[in-house]
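The values are calculated or read from the model by the stated rules, or taken from the named source; none is laboratory data. Since the structure is predicted, the reported quantities are computational estimates derived from the model, not experimental observations. So basically every Cβ, Gly included, is an ideal-geometry build from the backbone, and we count neighbours across all protein chains shown. Only protein heavy atoms, including side chains, enter the accessible area calculation; ligands, DNA and RNA are left aside. Shrake-Rupley method; radii C 1.70, N 1.55, O 1.52, S 1.80 Å.
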Amino acid sequence: LKFKLKMALDTAAGMEYLHSRVPPVIHRDLKTANVFCTSLDPTSRVCAKVADFGLSMASSPLAKGRALDN
């Protein structure tokens, strides 16, 4: 349970970092396959990293209302 929570918190922190950039970065393809495990130790500084920015884009008025199918 501790490991799963750490993975979720690291993923949320990564997304918060992307959204706090100027302009904000929209990932547009966040899924488990795009979160890399860097450590199996839940006490390590980082356990997970968000990856695969192939569909990402800077936030703009053109991005509003757009949908993406997987």
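Specify the residue that is nearest to residue 1 (Cα to Cα); the eligible residues are those in segment 43-70 that are open to solvent by 50 Å² or more (accessible area, probe 1.4 Å), at pLDDT 80 or above and not hydroxyl-bearing (Ser, Thr, Tyr).
Among those that are open to solvent by 50 Å² or more (accessible area, probe 1.4 Å), at pLDDT 80 or above and not hydroxyl-bearing (Ser, Thr, Tyr), it is 45.
May I ask you to list the residues in segment 1-22 that are part of a loop (DSSP other than H, G, I, E, B) and surrounded by 10 or more Cβ atoms within 10 Å (Cβ to Cβ)? Please lay out each step first, then the result.
Initial filter on segment 1-22 (part of a loop (DSSP other than H, G, I, E, B)): 1, 21-22.
Residue satisfying the conditions is 21 alone.
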